[in-house]
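The values are calculated or read from the model by the stated rules, or taken from the named source; none is laboratory data. All values reported here derive from a predicted model rather than from experimental measurement. Counting neighbours? That spans all protein chains shown, and the Cβs are built from the backbone with ideal geometry, glycine included. Side chains included, ligands, DNA and RNA excluded: accessible areas come from the protein's heavy atoms. Shrake-Rupley method; radii C 1.70, N 1.55, O 1.52, S 1.80 Å.
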Amino acid sequence: MRHPQTPDLTEAERARILAKSALFDPPPAALADGRRELVGLSRSELAEEMAAISEAPFRARQLWHWIYHRGETDFSRMSSIARPLQRKLAECFVIGRPEAASVQTSADATRKFLFRFRDGQEAETVYIPDPHEDRGAVCLSSQVGCTLSCRFCHTGTQLLTRNLGAAEIVGQFMAARDAYGEWPSPKGETPRLLSTIVLMGMGEPLYNYANVGKAMTIAMDGEGIALSRRRITLSTSGVVPMMDRAGAELGVNLAVSLHAVRNDLRDELVPLNRKYPIEELIAACRRYPGASNARRITFEYVMLKGVNDSVADARELVRLIAGIPAKINLIPFNPWPGSRFETSGAAAIERFAGIVMDAGFASPVRTPRGRDILAACGQLRTEGRRPPVHLPARAPLRARPARLQP
Ligand code: SF4
């Protein structure tokens, strides 16, 4: 087995992941008429675009303010820019948004957007309002489909079609803000309806790190959307070499899709475990920068009846994460068409949560949100442009004899 802290090997592995990710690059962010998309450019790239049309660097800063603070998409409404330059900008550039191909609102006010991008590919974005306060989380997708085939996840039945570009990732948040009239951006930490980003939608964000990192850097920029890094959570199934890099470069909150505490079971539920087993994953969590009691790592644990919900599982979980500033989100399984699992019973979840809490970890049980519109955790899926994947029939995972049933 690889040693988790062998730097050369980790560097080589990172390079391999980035090269593989590049095979699924999004199409160029431009219109057929050649106009360049400005959303998704870094500050320096925006300055380069201004230089290319012989405009001064301060124009980039002006545009940044209009695009990311004011949410403006029309150059002719940028009142601090003179008319001739407005026209010139409109001839060369565009400030776009993904098109909302459909919008569904759940009985619990969760809203699911199906966003269509310029090449016709689609991904889902979910807004989950806080039931008690005027704020909520926007769950963004990072890929169309996913390579990882986690067994409990609907997205995992859809082949990876391509990565989303930075414009498409931050664009999901901006389009959701449009829908709720949330411009201009608040300064500082003023809570708003769309107050946090969670990268927990379709795809594995760390298999599209270049675009995810760029999009989140834009979202965190203090002169634009200005979301604090504490208001962004990146969820990974455990792409260990990229966790270090994301921690060092972005410093956002980390969530880990754990779901099993033994390698044999996690190999089945989260096949990525065969590459980065639990010991390496936990070691990467222990060295994740900035983790503290104020900024705990979240372990996501989907509760599957008779599969991973025993007393022994709970005890092993506690042993594994001992000493990590962590909380455990227990997620009752959200069924989807064709899924083969059942949700753990209330008594099993309560017992599991009790053991974890007695060990000193918060273990909230996530209330399913948006189940009626297939917007809950693990239920997202679009058809993309490839034929849907038909998984070979497999024997159901066997419950272990030691399990306790409600
Ligand atoms: S849980 Fe995440 S990583 Fe796993 S298949 Fe679903 S979208 Fe992909």
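Starting from the Cα of Gln62, step 7 Å along the direction of its Cβ; do the same at Thr147; then give the gap between the two resulting points in nm.
Taking the two extended label points, one gets 4.3 nm.
Treating the beta-carbon of each Lys and Arg as +1 and of each Asp and Glu as -1, no other charges, what is the dipole magnitude of segment 317-383 about its Cα centre, to the nearest 20 debye?
100
Check which residues have an amide H placed less than 5 Å from Phe299's amide H, if you skip close sequence neighbours.
Result for Phe299 returns Val256, Lys327, Ile328, Asn329.
Have a look at Gly370, Ala219, Ala347 and report the one farthest towards the positive end of the charge dipole of the chain, computed about the Cα centre with Cβ charges (Lys/Arg +1, Asp/Glu -1).
Ala347
Find the centroid of the Cα atoms in segment 211-257 and in segment 260-290, then give the distance between the two in whole Å.
Rounded to whole Å, the Cα centres lie 20 Å apart.
Over segment 138-230, what is the mean sequence separation of C-alpha contacts under 8 Å (at least six apart), divided by residue count, expressed as relative contact order in percent?
Computed over segment 138-230, the figure is 38 percent.
What number do you get for segment 222-337 when its Cα radius of gyration is normalised by 2.2 N^0.38 Å, N = residues?
Dividing the Cα radius of gyration by 2.2 N^0.38 Å gives 1.10.
Let me know the charge dipole size of the chain about its Cα centre in debye, to the nearest 20, where only the beta-carbon of Lys, Arg (+1) and Asp, Glu (-1) is charged.
Working: 54 positive and 44 negative charges, 87 e Å.
Taking the Cα centre of the chain as origin, the dipole is about 420 debye.
Take the solvent-accessible surface of the protein heavy atoms, probe 1.4 Å, and return the percent of it on segment 252-341 that carbon and sulfur atoms account for.
C and S fraction of accessible area: 51 percent.
So in the chain, which Cys have no other cysteine's beta-carbon sitting under 4.7 angstrom from theirs?
Those would be Cys92, Cys139, Cys146, Cys285, Cys377, since no other cysteine Cβ in the chain comes under 4.7 Å of theirs.
Run through the DSSP bridge list for the chain and note the antiparallel percent, rounded to the nearest 5.
Roughly 45 percent of the beta bridges in the chain run antiparallel, per DSSP.
Let me have the 222 nm mean residue ellipticity of the chain computed from DSSP H runs of 4+ only, each contributing -39500 (n - 2.57), with the sum over all residues rounded to the nearest 500.
Computed ellipticity for the chain at 222 nm equals -8500 deg cm²/dmol.
Provide the packing ranking of 273-282, 115-124, 56-65, i.e. peptides ordered by the mean count of other C-beta atoms within 10 Å per residue, highest first.
Sorting 273-282, 115-124, 56-65 by mean packing, highest first, produces 115-124, 273-282, 56-65.
Over the chain, what relative contact order in percent results from Cα pairs under 8 Å that are six or more residues apart?
16
In what sequence, largest accessible area first, do Glu55, Glu249 appear using a 1.4 Å probe? Walk me through the numbers on the way to the answer.
Numbers: Glu55 45, Glu249 105 Å².
Largest accessible area first, the residues go Glu249, Glu55.
Quick check for me: using +1 on Lys/Arg Cβ and -1 on Asp/Glu Cβ, what's the dipole size of segment 59-182 about its Cα centre, in debye to the nearest 20?
For segment 59-182, the charge dipole is close to 560 debye.
Between Ala22 and Ala248, what is the FRET efficiency for a Förster distance of 22 Å, r being their Cβ-Cβ separation, to the nearest 0.05? Could the numbers behind the result be given before it?
Values: r = 21 Å, r/R0 = 0.95.
Rounded to the nearest 0.05, the efficiency is 0.55.
What is the list of residues in segment 239-269 whose amide nitrogen lies under 20 Å from a point 7 angstrom out from the Cα of Ala12, following Cα to Cβ?
Backbone N within reach: 239-245.
Over all directions, average the projected area of the Cα convex hull of segment 1-101 and note it in nm².
Seen from a random direction, the Cα hull of segment 1-101 projects 10.3 nm² on average.
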